[in-house]
Amino acid sequence: MTGLPVPVRGVSARVVMNRGGCGGYYAYLVADFEPPGPDGRTELVNLVPERRLPAEFLPAVRTGIEPGLAGVAAAVLLTDGGVYEADAWDIGYRTAGAEAARGALVAAGLRPAAEADALRWATWPGRRRPWPGRNPRSEELYERIRRAGPR
């Protein structure tokens with residue numbers, strides 16, 4: 001198992017899934033990913049108050065983070081979170097954990113930068129935000145500017 005080579009701080013994931021008009025899933029967390037400790041294993045430390053991230057969802061967060069890291073060990077420090085009681089489900093927190101972990105790998109350079117485009121709910125400092133989907137109007141404008149050349 002390799003370890004995260006550099007710290008990646010301020011990774012967040014906000015999962016908002018609609019289940020067809022009658023509620024959905026909501027989960028929010030912010031985490032700092034650090035290189036692993038001396039034992040070289042992944043560890044999760046929670047600093048978020050219970051009212052912001054109930055302890056009952058911590059196992060789901062861990063369950064998402066572990067496969068999200070794909071065999072890379074890291075010390076994960078949860079620094080913020082959010083819960084909306086009506087839509088708080090384990091699946092939302094598993095998804096948020098996995099997205100945050102994958103984002104940390106992209107930010108650390110362990111995954112291709114293009115993989116960031118597949119991360120729907122995760123963000124981190126320095127993340128390039130792609131235009132959502134194909135935008136013909138934007139492409140047309142870019143092409144006109146390119147043809148016009150420098151002024």
Segment 103-123 residues that are polar (S, T, N, Q), paired with ones that are surrounded by 18 or more Cβ atoms within 10 Å (Cβ to Cβ) (beta carbon under 8 Å, 6 or more apart):
Thr123/Val11; Thr123/Ser12; Thr123/Ala13; Thr123/Gly103
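Taking the condition over 22 Å from Gly109 (Cβ atoms) and either free of Cβ contacts under 8 Å to residues at least 24 places away in the same chain or crowded, with 18+ Cβ neighbours inside 10 Å (or both), does Asp39 pass? Working first, answer last.
Values: over 22 Å from Gly109 (Cβ atoms): yes; either free of Cβ contacts under 8 Å to residues at least 24 places away in the same chain or crowded, with 18+ Cβ neighbours inside 10 Å (or both): yes.
Against the criterion (over 22 Å from Gly109 (Cβ atoms) and either free of Cβ contacts under 8 Å to residues at least 24 places away in the same chain or crowded, with 18+ Cβ neighbours inside 10 Å (or both)), Asp39 qualifies.
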Of the criteria (1) surrounded by fewer than 21 Cβ atoms within 10 Å (Cβ to Cβ); (2) within 17 Å of Gly24 (Cα to Cα), which one Ala55 fails:
(2)
Residues of segment 32-84 being among the aromatic types (Phe, Trp, Tyr) and either more than 15 Å from Ala96 (Cα to Cα) or out of contact with any Asp or Glu (no Cβ under 9 Å at 6 or more places or on another chain) (or both), in sequence order, are Phe33, Tyr84
Subset of segment 3-36 (residues that are free of Cβ contacts under 8 Å to residues at least 24 places away in the same chain and within 18 Å of Trp121 (Cβ to Cβ))
Asn18, Arg19
Answer yes or no: is there a residue in segment 88-106 that is surrounded by fewer than 21 Cβ atoms within 10 Å (Cβ to Cβ) and small (Gly, Ala, Ser).
yes
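Since every read-out is calculated from the coordinates, none of them should be taken as a lab result. From a predicted model like this one, the values you see are computed outputs, not experimental measurements. All Cβ positions, glycine included, derive from the backbone under ideal geometry; neighbour counts span all protein chains shown.
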